[in-house]
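Asker: One structure is given below, represented as structure tokens, and several questions about it will come after.
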Amino acid sequence: MIAPEFFYATLVIMVGAFMALLRVLFGPSVPDRVVGVDTLNTLIVAGMVLLGAAYDRTIYIDIAIVYALLSYIGTLAIARYMQGGLK
Amino acid sequence: MNTVDYVIYTFLAISMIFNLLGSIALHRFPDVYTRLHGATKTTTFGTIFAVLAVVVHAAYQLHETGNPKYLQMALHSVVALIALLLTNPTGAHAIAKAAHLSGYKPVRAIVDAYEEKRRGDGE
Amino acid sequence: MPFMVAFVFAYVTWLVLTAGTNGLLWSTEELIAGLIFAGIIAYATKGVIGDESTRFLNPVRWVGFIAYAPVLFWGMVKANLDVAYRVITGKINPGIVRVPVELENDAQYTILSNSITLTPGTLTVDACPEEKALYVHWINVTEPHPESSEPVAGPFEKWARRLGR
């Protein structure tokens, strides 16, 4: 690890991700849970970019790109399902 | 310690503050729309600063070592940021519309023009 | 012509993702492989993109987007300080308002609704191009029935009209 400050920043952001996960677990309604998942996705992309810098591996950042695009598709699919089909 | 380190620490601190604020907003606000406000804006902003910190770090390392993998690191993180900037508001919009269409009303709203419009269409 | 648009965008993306394979530039193998894959992708998607997409090759538009970035960034700074204030104090006064807008095509609606989602206190719930209106969730309603987009979106409607033309 050549840049430990990025690792500690990732730890703090993962605390935020854990709080978003609590909203997914306890969120009283379905849209609340979806908002939690959306926040979790963004925080994980940020964490992956920072971990790529911390461990000096560009491949982590490539995974972050793919994760950002795929999680967007997931969010759209859940939203479409929630509003009652593809209309 | 030099100037570049201080710039990186500042960007990381801003990123951490706003990302944490986004997750706190999920627990502070009463309903799904206000939670979307908090979550979308602050986490997008925090991620911009996280990527800026990585870009500054990679540019400095590229200047020091000349290793092309740091050029790749900077460019790929900028691509990840652009993907996130384009998709995040659209995802929030999809969730808000789906939540309204499946019948979740905004809490403590003083006006709901969309509800009036949907009721008008239904008749 | 949609083939050329898709080809240019795919090839530029390939070049950005593979920079640094030969010194700081590109190796010959990556350039040739990029040509082949960009050709395949452009052939597969040319029916999806549509004829209007050629306006995105106009360099004037790219200068406009670059000039738009600082405006949007300043809006995001204000939005985040606003949200921080509301998270800490818990003062909210929400509502969904109908905002009449004067826009012509889908690109302008996309730019405006994404911009006002990222700027202070507003979140687009639905866009209705047939009645020229946006439905916006506003976290601090000051005008329940706005006549224009000025109190909600600030300068962004002007920018969206200019960029999406």
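The values are calculated or read from the model by the stated rules, or taken from the named source; none is laboratory data. In this text, all values refer to a predicted model and were calculated from it rather than measured experimentally. Methodologically, a virtual Cβ is constructed for each residue, glycine included, from the backbone with ideal geometry; neighbour enumeration extends over all protein chains shown.
Asker: Sort through C:Ala79, C:Ala10, C:Ala84 and tell me the only one that's over 30 Å from B:Arg28 (Cα atoms) and not acidic (Asp, Glu).
Answerer: It is C:Ala10.
Asker: Of the residues that make up the stretch C:65-84, is at least one assigned by TED's automatic domain parsing to the domain that holds C:Tyr135 and charged (D, E, K, R)?
Answerer: The answer is yes; a qualifying residue exists.
Asker: Just to check your reading of the model, which residue among A:Ala3, A:Ala64, A:Ala53, A:Ala79 is in contact (Cβ under 8 Å) with a residue 12 or more places away in the chain, more than 21 Å from B:Gly46 (Cβ to Cβ) and within 7 Å of chain B (Cβ to nearest Cβ)?
Answerer: Of A:Ala3, A:Ala64, A:Ala53, A:Ala79, the one residue that is in contact (Cβ under 8 Å) with a residue 12 or more places away in the chain, more than 21 Å from B:Gly46 (Cβ to Cβ) and within 7 Å of chain B (Cβ to nearest Cβ) is A:Ala79.
Asker: Of all residues in the stretch B:50-69, which are surrounded by 20 or more Cβ atoms within 10 Å (Cβ to Cβ) and not β-branched (Val, Ile, Thr)?
Answerer: The answer is B:Ala50, B:Leu52, B:Ala53, B:His57, B:Ala58, B:Gln61.
Asker: At positive phi, within 9 Å of chain C (Cβ to nearest Cβ), surrounded by fewer than 20 Cβ atoms within 10 Å (Cβ to Cβ) and without any contact (Cβ under 8 Å) to a residue 40 or more places away in the chain: is that true of B:Gly103 in this structure?
Answerer: It is false that B:Gly103 is at positive phi, within 9 Å of chain C (Cβ to nearest Cβ), surrounded by fewer than 20 Cβ atoms within 10 Å (Cβ to Cβ) and without any contact (Cβ under 8 Å) to a residue 40 or more places away in the chain.
Asker: Going by the structure shown, is B:Ala94 in a helix (DSSP H, G or I), over 15 Å from the mean Cα position of the chain (by Cα) and modelled with pLDDT of 80 or more?
Answerer: Against the criterion (in a helix (DSSP H, G or I), over 15 Å from the mean Cα position of the chain (by Cα) and modelled with pLDDT of 80 or more), B:Ala94 qualifies.
Asker: Among the candidates B:His100, B:His76, single out the residue that is farther than 21 Å from A:Ile44 by Cβ and either modelled with pLDDT of 85 or more or assigned to a helix (DSSP H, G or I) (or both).
Answerer: So the residue among B:His100, B:His76 that is farther than 21 Å from A:Ile44 by Cβ and either modelled with pLDDT of 85 or more or assigned to a helix (DSSP H, G or I) (or both) is B:His100.
Asker: Considering only the stretch B:25-35, I want to know if a residue exists there that is in contact with a strand residue (DSSP E or B) (Cβ under 6 Å, 6 or more places away or on another chain), at the interface with another protein chain (Cβ under 7 Å from one of its Cβ atoms) and surrounded by 24 or more Cβ atoms within 10 Å (Cβ to Cβ).
Answerer: yes
Asker: Considering the stretch B:36-49 alone, what residues qualify as being in contact (Cβ under 8 Å) with a residue 40 or more places away in the chain and surrounded by fewer than 24 Cβ atoms within 10 Å (Cβ to Cβ)?
Answerer: none
Asker: Let me ask something additional. Return yes or no: is A:Ala46 small (Gly, Ala, Ser) and more than 9 Å from every other protein chain (Cβ to nearest Cβ)?
Answerer: No: the conditions fail for A:Ala46.
Asker: Further question on the same structure: Please tell me if C:Thr45 is more than 30 Å from B:Gln61 (Cβ to Cβ) and surrounded by 12 or more Cβ atoms within 10 Å (Cβ to Cβ).
Answerer: The answer is yes for C:Thr45.
Asker: On to the next question. In the list C:Gly64, C:Gly50, C:Gly75, C:Gly20, which residue meets the criterion of being at positive phi and in contact (Cβ under 8 Å) with a residue 24 or more places away in the chain?
Answerer: Answer to the selection: C:Gly50.
Asker: Of the residues that make up the stretch B:44-61, is at least one out of contact with any helix residue (DSSP H, G or I) (no Cβ under 9 Å at 6 or more places or on another chain), part of a helix (DSSP H, G or I) and either on the phi < 0 side of the Ramachandran plot or at the interface with chain C (Cβ under 8 Å from one of its Cβ atoms) (or both)?
Answerer: No, the stretch B:44-61 has no match at all.
Asker: Additional query: For C:Ile116, only one of the following conditions fails: (1) modelled with pLDDT of 75 or more; (2) closer than 17 Å to B:Pro106 by Cα. What is its number?
Answerer: Failing condition for C:Ile116: (2).
Asker: A follow-up question, please. Tally the residues that are more than 7 Å from chain B (Cβ to nearest Cβ) and either part of a helix (DSSP H, G or I) or surrounded by fewer than 20 Cβ atoms within 10 Å (Cβ to Cβ) (or both), restricting the search to the stretch C:108-126.
Answerer: 7
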